[in-house]
1. Please determine, by comparing only the residues of segment 210-220 that are open to solvent by 10 Å² or more (accessible area, probe 1.4 Å) and under 31 Å from the mean Cα position of the chain (by Cα), which one is nearest to Asp152 (Cα to Cα).
2. From the list Cys367, Cys314, which one is under 24 Å from Thr392 (Cα atoms) and in a strand (DSSP E or B)?
3. Within segment 54-64, which residues are buried (at least 21 other Cβ atoms within 10 Å of the Cβ) and touching a helix residue (DSSP H, G or I) at 6+ places or on another chain (Cβ under 7 Å)?
4. State which residue is modelled with the lowest pLDDT when the search covers only segment 509-532 and only residues that are open to solvent by less than 20 Å² (accessible area, probe 1.4 Å) and of a type in the set (A, V, I, L, M, F, W, C).
5. Look at segment 353-380 and say how many of its residues are open to solvent by less than 30 Å² (accessible area, probe 1.4 Å) and touching a strand residue (DSSP E or B) at 6+ places or on another chain (Cβ under 7 Å).
6. Among the candidates Asp375, Asp355, single out the residue that is farther than 23 Å from Ile589 by Cβ and either small (Gly, Ala, Ser) or under 26 Å from the mean Cα position of the chain (by Cα) (or both).
7. Test Val326 against the criterion of being open to solvent by less than 20 Å² (accessible area, probe 1.4 Å), part of a loop (DSSP other than H, G, I, E, B) and of a type in the set (Val, Ile, Thr), and give yes or no.
8. Take the residues of segment 388-409 that are of a type in the set (A, V, I, L, M, F, W, C) and not in a loop (DSSP other than H, G, I, E, B): which is nearest to the chain's Cα centre (by Cα)?
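The values are calculated or read from the model by the stated rules, or taken from the named source; none is laboratory data. None of these values were measured; they are calculated from a predicted model. All Cβ positions, glycine included, derive from the backbone under ideal geometry; neighbour counts span all protein chains shown. Heads up: the accessible areas ignore ligands, DNA and RNA and are worked out on the full protein's heavy atoms, side chains in. Shrake-Rupley method; radii C 1.70, N 1.55, O 1.52, S 1.80 Å.
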Amino acid sequence: MKALESAPERYDKGIKWLSWGKLTKIREHITDLIEAEGQKVLEIGVGTATQALLLAERGIRVVGIDHSPKMLSIAQEKLDLKRKEGSEGAQIASRIELLHKAAVQLDEFPSNSFDVVTSTLVFSELYESEQKYVLGHAFRILKPGGALILADEVIPTKKLKRIAHALIAAPLKLITFILTQTTTKPVRNLVKKVEEAGFTIQQIENYQLDSFQLIYAKKPEDSSSFEISESLKFPLISPPSGGLGSALWQTAMRFIKHPTEIGLIAIGNPTTQSPVLCTCNFKLTVSRLYNFLNEQNLDVWLLVAPTDGINVWCAACGDEFNAGSVITAIKISSLEKYVTHRRIILPQLAAPGVDPKLVKEITGWQCVWGPVRMDDLPDFLRQLPDSISHKTEKQRAVTFNLKFRMEMASAYVFPILLLIAAPLLLTLYFLHLWFWAFFIFAVIAFDVYFIFLIWPVIPTRLGTPKVIIGSTIVFLLISILAWFITDYLGIHILMAAQFQGLLAIFNWCPLQLTVILQLLILIYDADGITPTLRSALGARRWNKGKVSMTERWGTSYTLTPYGKITADLDKCIGCGICVDVCPMLIPTIDSSTKKVQLRYPELCVNCRACVKQCPKNALYLAPETEAAKLALERLLAGEINTQQVGG
């Protein structure tokens, strides 16, 4: 499961713990179901090869696929150890073939080519449309009479068992969420989905209060076609539901993932020639984009790609919005059946993660970079195809405008209130000090919103000084308010000694301490608050050779390289792709030399969009310290997994 993939070396122990120790017996039972030696088995989500080795020991040939390079690396280490056990071990290892493929790449296998397809704890990580797609191709690649064996988390059908399981599983899920910011996603109606794909159910076994299910099904012997059945041709999906309350919740808690279903949405009355826009599956983004395009009376297709419920830029920088995301969305949506052209417009901020060459190589679809903001989409779409190579600076630049700043303020205020201030507020309330509870709540909100409100006028570019100056202003305002109310109006809040004059400010020390506490939270990585500055904390850690970082709310992820943006002019061909994708408008093409010129490289936020997209590797982030250089060498050697594991 994805919750444990961030630490593959601990996967086997972790999965045993989270499955209440039952998974070992379930895997042994799966092995028993595959009786005849010499059968060819496809394991979807081979993981660390635990199941594959059990099968290989029975003389069964296994092709194991997994989307995680780190998991495959652990699996390969197991096979190498098995080979060292002698000729018998080497023979066992030789029966296993490991392939770096995602579940949706089953379409790359020929029809009628496997005796058994098996999968454990994979379908609970797939979206509904992916589940149908994988089942359809599993049916196609199985020989007539071939077996499908699935073991996965499901939602119990009986109400009492659902309640009992929820109570028992809640502590485990809470611990998993705190450690990894992910949670499980039990499959709904798995048996029904298997039957709809054309399989005949042979056996169903339930475990853990019916929350874990093993399904043994077969492809009918008389199956004459190896194509996906018509029942699995995917209809268009509906836009995310939810009103104002849902939008406010997602805005305030944007540090938590909010995924929506992936697939294709029709906006207006699109035709086979209408543009195709691709975006992340962060629910708030999809809802806003859908509503905006509808209001603009545009006829377009909206392709929602799997990014684990994370917004475009964060997902791209964290390797959640990548070529695989776009390829998956294209495949499961049957996009080619709705449009005759082969061009997808990607958000510019997806450039740090998506490799357009790989998308075209695998699917034949061309990716072009749209504007940064959806507000610029109408003009961009009206000027197609000229706008593809002639985006304006306004369409390419990231800004930190008032609306964006207020959203970020909300994203900080509510977690602070829920995680930090809530216990204090409740304590004060039950002690009948409701006045302080109200004022502390108000000060927390006022402090953050005020800092973000005056952000552009604070006379410094860096985030930390801005937060310190803003908090100092709030501190002084509270002190003046304390003096005015206590001394001038003669109102004393506390029942302690009655201070007079400026000493009255000490009556308000809880509010002032609140400002100081919040200051410490905000300056943890104040530069990381804004999209126009690189994370100073991340840069410091990388320059010390550290490769991971934990955010304010416990979100852990592997750092991508930091450094000074640098150009190798000997390699530059003047294609201008870097100009098209840089959100800080740093690269430009010199009219005389036809080479890239870096304006104001100190403004670089290290998003790596230009580095990722440069076809000749002419742009790179030069390490700023020797420790950073060593960390980069480890990254290039494959010793560091850059896939984001949370947030």
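1. It comes out as Gln213.
2. So the residue among Cys367, Cys314 that is under 24 Å from Thr392 (Cα atoms) and in a strand (DSSP E or B) is Cys367.
3. Of everything in segment 54-64, those that are buried (at least 21 other Cβ atoms within 10 Å of the Cβ) and touching a helix residue (DSSP H, G or I) at 6+ places or on another chain (Cβ under 7 Å) turn out to be Leu55, Ala56, Val62, Gly64.
4. Leu511
5. Matching residues across segment 353-380 total 8.
6. Unique residue meeting the criteria: Asp375.
7. Answer is no for this residue.
8. Once the filter is applied, the top-ranked residue is Met408.
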